[in-house]
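To keep things clear, I will list the structure first and then write my remarks on it.
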Amino acid sequence: MPETPRTPVESGVPDHFQYMHPTLRKNYGQWAWHDRLRPGVLHHVSENGEEVWTVRAGTPRQMDVHTVRRLCDIADQYADGHVRFTIRSNIEFMVSAVDKVQPLIDKLAEEGFPVGGTGNSVSMISHTQGWLHCDIPGTDASGVVKSLMDELYQEFVNEEMPNRVRITTSCCQINCGGQGDIAINIQHTKPPKINHDLVSNVCERPSVVARCPVAAIRPALVNGKPSLEVDEKKCVCCGACYPPCPPMQINDPEHSKLAIWVGGKHSNSRSRPMMHKLAVAGLPNNPPRWPEAAEAVKTILRCYKRDARDYERIGEWIERIGWARFFEMTGFPFTRFHVDNWRAPRTGLNTSAHIRF
Ligand code: SF4
Ligand code: SF4
């Protein structure tokens, strides 16, 4: 029977085989072994003896078209014309001869793209889309990433950590935040401010009422106009009402802070996945370089690097030494916000009769 052509689809990713390096395509599913020649360089050997070298470089994550073109030109001139992006926004160049590796590394260094991120290093920070694609960010997640990776450059190009370190950032408190070894998340500390003049024109009030996880929002008549009100004693400042109702502004230059969480679901190699836990809260959301958040992350990394056993992830290290010792070592204050016995949700979260969407 003749081969049926693939049905065109209007959505979803295209067939990736057409873009693959020919050696990868030919040996798909037939790799015998691999090793790491140096930080940022992987070497794969297939069952029939064919070899491919992969050079991984860091990117600024959100790139303009000039940077993408520059990377593509490097791929054409110094690699075999094929690239791929990793889930942490590193770029990988594949070459089928070992003598192409060093000139490629040299060119990347000359153009300002560090080679590293494989093995026991701090790989590129994964971040949520932020202002580029989303309408509710409370901070510029990509800015935090760029400024922090500038400071963690040596940990990307060297493999000196006890195990891999995966850091994530999240620009709101409710949606696509990560569960990294270290997670930097926005933290709202005040209830939303309501612009009553706009609510009735912009918001579908029943949806907004239903959205609140602690049933703190009620319909109300304000200055003769239909609006909403918030019971501030119940509000947990999650920010969930802001996306369906932008007049309920929760972002605030002073009261929207950053919090750092550790030991999330990525952060284990032998133990069960764990929920991440609060390490430090109330850090200023301080663009353009976020020095307070950067210092806290570097403190955690310094203690982990010095004290963890080989191949322990951050979560496993903290579980072994105990949380009391973690706070002692890092010097972070331990406050009442760190204590959660999960009793409050019985009377708050998920006990309202509202239907949620
Ligand atoms: S974390 Fe929140 S604000 Fe950031 S991209 Fe995801 S949904 Fe949008
Ligand atoms: S959705 Fe969140 S921020 Fe909005 S009122 Fe409810 S608890 Fe407060």
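Computed from the C-alpha gyration tensor, the three semi-axes of the ellipsoid equivalent to the chain are 42, 27, 19 Å, from longest to shortest. How far is helix 65-78 tilted off the main Cα axis of the chain, in degrees rounded to 10, range 0 to 90? Value to nearest ten degrees: 20.
For the pair region 200-262 / region 65-91, the C-alpha centres are spaced 43 Å from each other.
The Stokes-Einstein estimate for region 114-169, based on a Kirkwood radius over Cα pairs and taken at 10 °C with 1.306 mPa s viscosity, is a diffusion coefficient of 133 µm²/s. For region 57-212, the average shadow cast by the Cα convex hull is 12.4 nm², which is a quarter of the hull's surface.
Under a cut-off of 17 Å between alpha-carbon atoms, report the lysines in cross-link reach of LYS277, not counting same-chain residues fewer than 8 places apart. Straight-distance partners of LYS277: LYS257, LYS265.
According to the Kirkwood relation over distinct C-alpha pairs, the hydrodynamic radius of region 9-91 is 14.5 Å.
According to the square roots a ≥ b ≥ c of the eigenvalues of the Cα gyration tensor, what is the shape class of region 2-55, taking rounded for a/c under 1.5, prolate for a/b larger than b/c otherwise, and oblate for the remainder? Intermediate results must be reported in sequence, preceding the final value.
Details: a/c = 4.02, a/b = 1.93, b/c = 2.08.
Oblate, since a/c reaches 1.5 and b/c is not below a/b.
If only the Cβ of Lys and Arg carry +1 and only the Cβ of Asp and Glu carry -1, the dipole of the chain around its Cα centre is close to 1420 debye.
The residues of the chain expose, per residue, 54 Å² of accessible area to a 1.4 Å probe. A straight Cα-to-Cα reach below 27 Å connects LYS100 with the lysines LYS26, residues fewer than 8 places away in its own chain not being considered. Charge dipole (Cα centre; +1 on Lys/Arg Cβ, -1 on Asp/Glu Cβ; no other charges) of region 138-220 amounts to roughly 660 debye.
Helix 141-151 and the long axis of the chain differ in direction by around 50°, with both axes built from C-alpha atoms. Listed by chain and number, the lysines placed with their C-alpha closer than 17 angstrom to that of LYS234 are LYS190, LYS193; residues fewer than eight positions away on the same chain are left out.
Among the GluC sites (Glu not before Pro) within region 18-65, those in coil by DSSP and having at most 14 neighbouring Cβ atoms inside 10 Å are GLU47. THR86 sits among other residues whose Cβ lies under 10 Å from its own Cβ, and their net charge, with Lys and Arg +1 and Asp and Glu -1, is +2.
Along the positive direction of the dipole of the chain (beta-carbon charges: Lys, Arg +1; Asp, Glu -1; about the Cα centre), which of GLY130, HIS21, GLY263 reaches farthest? Farthest towards the positive end: GLY263. Which value in nm describes the separation of the simple spin-label points at ASN286 and GLU10, placed 7 Å from the Cα toward the beta carbon? Each label point is offset 7 Å from its Cα along the Cβ direction, giving 5.0 nm. Could you list the chymotrypsin sites (Phe, Trp or Tyr not before Pro) in region 17-69 that lie in coil according to DSSP, counting only those with at most 13 other Cβ atoms within 10 Å of their Cβ? The qualifying sites are TYR28. Note on region 1-49: with neighbouring protein chains present and a 1.4 Å probe, carbon and sulfur make up 56 percent of its accessible heavy-atom surface.
The values are calculated or read from the model by the stated rules, or taken from the named source; none is laboratory data. Quantities reported herein were computed from a predicted structural model and do not represent experimental measurements. Glycine gets a Cβ as well: all are built from the backbone with ideal geometry, and neighbour counts include every protein chain shown. What goes into the accessible areas is simple: the full protein's heavy atoms, side chains included, and nothing from ligands, DNA or RNA. Shrake-Rupley method; radii C 1.70, N 1.55, O 1.52, S 1.80 Å.
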